[in-house]
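Enquirer: Structure below; questions to follow.
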Amino acid sequence: MVTLPRFLNSFVFIVFVFALALAAKADAIKPGIIYDMGGKYDHSFNQSAAEGVDRFVKETGITCHEFELSNDAQRTQFMRQLIRHGVNIIAAIGFNQASAVEEMAREFPLVKFVIVDGTVNLPNVESVNYKEQQSSYLCGMAAALVSKTHKVGFVGGMDIPLIRKFAMGYTAGAKLIDPSIKVIVNMTGTTPSAWNDPIRGGELAKSQFGQGVDVVFHAAGSTGLGVMQAAKDAGLLSIGCDKNQDSVHPGSVLTSAVKRVDVAVYSAFMDAKNNTWKGGPKQLGLECDAVGYSLDQYNRLLITPAIEARLNQAKADIISGKISVPEYK
Amino acid sequence: MTLSYYTVIILLLAGTIRVATPLILSALAGLFSERSGVVALGLEGMMLGAAFGSAAASAIYGSAWLGLLVGVSVSVLIAAVLSFACVFKKGNQVVAAIALNITISGLAPTLALAWFNQGNQTPGLTNSAQRFLEITLPWAKVSRTHPFPGLIYSELISGHSVIVYLAALLVPLSAFILYKTRFGLRVRAVGENPHALDSAGISVNKIRTQAVLISGVLSGVAGTYLATAAGAGFIPDMTAGKGYLALAALIFGNWKPYRALGACLLFAFTDTVATRLQGVPLPLIGIIPVQFIIALPYLMTVILLAGFVARPEPPKAIGVPYEKEN
């Protein structure tokens, strides 16, 4: 057997120590994210999450593993793959991932999970939910304030309680302004593909316009892009969802029901990095600006100061409890 | 204010026309291919390829017409590959077409990601020159004020994309080519009895290739419609089975152009009704559950295909690669 020269021996040792140190550093936090079916660039829900990731990556220099799904079976598959690569905090975006998260969180109790729009009651899962009914309520008010036909529309993606929650808040907000207003509610489908069907979304919107609707609110991921396009083509107004979509069609997007998924993702990763991460449920609403309506240079001309004042008053009233927004159960 | 039944029906029919357009174009594409004896399962892939090509070209060059050109070229290219495999190499037509469909369904999003870096989509086509927008025909605005018969003109006839009118013209044109021209006769003959044509000294492979390429052109227009008229950009699997639905319409229409047109309109009508029936209370029944409504077009398709086709008469030589007898 060849004996190594002494200096080489110690060199090997030093390399070994460095490798260990590197491994330990890498072990500190290795985030991963799994987007939902709408895809990372849906200009909406998933993209908002992606912005949170980008911010985290930019500020910390830590890379994040990302996955986009093309079918349901891939959820656990990808999570396993991430864990095999040493990822120790996984953000799962979308209610559809709840059962996959539950399964994986049980199997890997040392891995941290964050689920957005779902609840999993396990110690290593942080469940982030939003009070979407509040932002939808404000958007319903805005829609009713600008509607000339006294008819406003709603196009949902997949028909699930979460989307019903949007629809209910929106309807209630519109009725506050105009009790006799007609709200037409349509859902795109009952399968996850309903998040990704802009042609059908556009067709639903056109059907609502045919019935006299002049403002349409979507909560439908990529499908919503078709809704907004149809509104623009018809010279009518749409309301964006989740991410601030005012810039998608400037002048045609009245406002957006913003849901700061980016904040949830960013702060979960940041907490994990600073060792302050805790599992358990979280409810985010108007009080911490996690939901709200958007106002920027793209829709400044559409939201007049009078409307703005009205919405901000309602916002304060909701936070103080003076207005109670009905919640879909 | 409630809408009169008259208005509701007109709006339903206008929606039907929009939804039917890609189906009609695709069914015509299938008509040429199948009548020449080549199974048209590749419609889906050709349409998807064209949707991607047109959206990408339109996004880059800012012109819908250029998008159409590229979309059709992509689709014809796929058709050429298909005819090479099925006509010249005598490959199994079903396997070749399905393989191509799967390839396109994966390749298009991959290219989109590589070229545009916006997920698997092309950039949204926001500029009006990038899309085939709805055209308002002259006097449509005026005629709107006189509901009858003005609404028929302003909503039903006016206000569609140029591709919709093109599709409407292509149906009689296809029927004419298929039944009144020498080329059409040969296409039909090659699908029924290629040996007869061969003994008359006409190349079976040439006629079949021509038919498949025509099918590529028509599918290309259908795909372009999806990406640049109905939609505004390419999204993975945006054809959502329309190619197969068009094939079903073709079979339901017994491989005849006008009957296939009728079948496409019927499918589109059920789909449109389904979209609009959501949450609308009906007399006696009340509100129909949304799940049932969404399943309705598919139920209709199954029932119609199962029960109402009076003895389908497919082209006799369909699916059989032609081998020269020695």
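Rule-based calculations on the coordinates, nothing more; no lab input. Fair warning: this is a prediction, and the values are worked out from it, not measured in the lab. Because the Cβ atoms are built from the backbone with ideal geometry, glycine has one as well, and the counts that use them run over all protein chains shown.
Enquirer: Near the amide H of A:His218, under 5 Å away, which other amide H atoms are found, from residues 5 or more places off or on another chain, if H is placed in the peptide plane?
Expert: Excluding prolines and chain starts, which carry no amide H, the hits are A:Val155, A:Ile239.
Enquirer: Still on this structure: Can you sort A:His218, A:His249, A:His85 by how many other beta carbons sit within 10 Å, fewest first?
Expert: Least to most surrounded, the residues fall as A:His85, A:His249, A:His218.
Enquirer: Right, another one. What 222 nm value per residue comes from the helices of chain B, counting each DSSP H run with n ≥ 4 as -39,500 (n - 2.57) and dividing by all residues, nearest 500 deg cm²/dmol? Mind showing how you got there, number by number?
Expert: Numbers: 13 runs with 211 residues, N = 326.
After summing the helix terms and dividing by the residues of chain B, the value is -21500 deg cm²/dmol.
Enquirer: Say the dipole of segment B:8-307 comes from +1 at the beta carbon of Lys and Arg and -1 at that of Asp and Glu; which of B:Val76, B:Ser33, B:Gly201 then lies farthest toward its positive end?
Expert: Towards the positive end, the residue furthest out is B:Gly201.
Enquirer: Of the beta bridges DSSP finds with both residues in the protein assembly as shown, what % are antiparallel, to the nearest 5?
Expert: Working: 6 of 48 bridges.
Taking every DSSP beta bridge within the protein assembly as shown, about 10 percent pair in antiparallel fashion.
Enquirer: Only counting other Cβ atoms within 10 Å, I'd like A:Tyr298, B:Tyr6 sorted with the fewest neighbours first.
Expert: Result, fewest neighbours first: B:Tyr6, A:Tyr298.
Enquirer: How do B:Leu299, A:Leu162 line up, fewest other C-beta atoms within 10 Å first?
Expert: B:Leu299, A:Leu162
Enquirer: Let me ask another. Work out from phi, with θ = phi - 60° and the Karplus expression 6.51 cos²θ - 1.76 cosθ + 1.60, the ³J(HN,Hα) of each residue of segment B:177-191, listed in order in whole Hz, and give x for Gly and Pro.
Expert: Coupling constants for segment B:177-191: 4, 6, 10, 10, 10, 5, 4, x, 4, 5, 4, 5, 5, 5, x Hz.
Enquirer: Something else now. For chain A, with only Lys/Arg (+1) and Asp/Glu (-1) charged at the beta-carbon, what is the dipole magnitude about the Cα centre, in debye rounded to 20?
Expert: Roughly 300 debye for chain A.
Enquirer: Next question, about the same structure. Once amide H atoms are built 1.01 Å from N in the peptide plane, which residues 5 or more positions from A:Tyr293, or in another chain, come under 5 Å H to H?
Expert: Distant-sequence amide H within range of A:Tyr293: A:Val258.
Enquirer: Evaluate segment A:234-329: find the radius of gyration of its Cα atoms, find its Kirkwood radius, and give the ratio Rg to Rh.
Expert: Computed over Cα atoms, the ratio is 1.05.
Enquirer: List, in order, the whole-Hz ³J(HN,Hα) value for each residue of segment B:23-33 obtained from phi through the Karplus relation with A = 6.51, B = -1.76, C = 1.60 and θ = phi - 60°; use x for Gly and Pro.
Expert: Listing the rounded values in order: 5, 5, 4, 5, 5, 5, 4, x, 4, 4, 4 Hz.
Enquirer: So what are the three principal axis dimensions of segment B:94-246 from its Cα atoms, in whole Å, longest to shortest?
Expert: Per principal axis, max minus min of the Cα coordinates gives 63, 46, 24 Å.
Enquirer: Calculate, axis by axis, the spread of Cα positions in chain A along the three principal axes, and write the results as whole Å, longest axis first.
Expert: On the principal axes, chain A reaches 91, 40, 36 Å in Cα extent.
Enquirer: Placing unit charges on C-beta atoms (Lys and Arg positive, Asp and Glu negative, everything else neutral), compute the dipole magnitude of segment B:8-307 about its Cα centre in debye, rounded to 20.
Expert: Numbers: 17 positive and 8 negative charges, 123 e Å.
Approximately 600 debye in magnitude.
Enquirer: Only Lys, Arg, Asp and Glu count, each charged at its Cβ (+1, +1, -1, -1), so figure out the dipole size of segment A:141-239 about its Cα centre, rounded to 20 debye. Let's see the in-between values first.
Expert: Details: 9 positive and 6 negative charges, 39 e Å.
The dipole of segment A:141-239 has a size of about 180 debye.
Enquirer: By the scheme Lys and Arg +1, Asp and Glu -1, what is the net charge of all other residues having a beta-carbon under 15 Å from that of A:Gln283?
Expert: Around A:Gln283, the surrounding residues sum to +1.
Enquirer: Put +1 on the Cβ of each Lys and Arg and -1 on the Cβ of each Asp and Glu in the protein assembly as shown; which of A:Tyr41, B:Ala20, B:Val87 then has its Cα farthest toward the positive end of the dipole?
Expert: B:Val87
Enquirer: Something else: Show that you can apply the helix-only estimate: for chain A, add -39,500 (n - 2.57) for every DSSP H stretch of four or more residues, divide by all residues, and state [θ] at 222 nm to the nearest 500.
Expert: Helices in chain A give a 222 nm mean residue ellipticity of -14500 deg cm²/dmol.
Enquirer: Another question, then. Once amide H atoms are built 1.01 Å from N in the peptide plane, which residues 5 or more positions from A:His65, or in another chain, come under 5 Å H to H?
Expert: HN-HN under 5 Å from A:His65: A:Gly32, A:Ile33.
Enquirer: Along Cα→Cβ, 7 Å out, is where each label goes; now give me the distance between the ones at B:Tyr179 and A:Phe108 in nm to one decimal.
Expert: Reported label-point gap for B:Tyr179 and A:Phe108 is 6.4 nm.
Enquirer: Using only Cα atoms, find the angle between the long axis of helix A:132-146 and the longest principal axis of chain A, and express it within 0 to 90 degrees, rounded to the nearest 10.
Expert: Tilt relative to chain A: about 30 degrees.
Enquirer: Same structure again: Restricted to Cα positions, what overall size does the protein assembly as shown have along the principal axes? Three whole-Å values, descending.
Expert: Per principal axis, max minus min of the Cα coordinates gives 90, 86, 46 Å.
Enquirer: Something else now. Positive end of the dipole of chain B, charges at C-beta (+1 Lys, Arg; -1 Asp, Glu), about the Cα centre: which of B:Ala64, B:Pro314, B:Gly45 has its Cα farthest in that direction?
Expert: The one lying farthest along the dipole's positive direction is B:Pro314.
Enquirer: How big is segment B:8-307 by the Kirkwood estimate over distinct Cα pairs, in Å?
Expert: Value: 20.0 Å, from the Cα pair sum.
Enquirer: OK, next. Report, in listed order, any pair from A:Lys182/A:Lys259; A:Lys243/B:Lys242; A:Lys206/A:Lys282; A:Lys112/A:Lys259; B:Lys89/B:Lys316; A:Lys165/B:Lys242 with a Cα-Cα distance greater than 28 Å.
Expert: A:Lys243/B:Lys242; A:Lys206/A:Lys282; A:Lys165/B:Lys242
Enquirer: PRE reach from B:Leu66 (point 7 Å along Cα→Cβ): which of segment B:211-230 fall under 12 Å by backbone N?
Expert: No residue qualifies, since no backbone N sits under 12 Å from the label point.
Enquirer: Along segment A:279-285, what does the Karplus equation 6.51 cos²θ - 1.76 cosθ + 1.60 (θ = phi - 60°) give for ³J(HN,Hα), rounded to whole Hz, x for Gly and Pro?
Expert: x, x, x, 9, 10, 10, x
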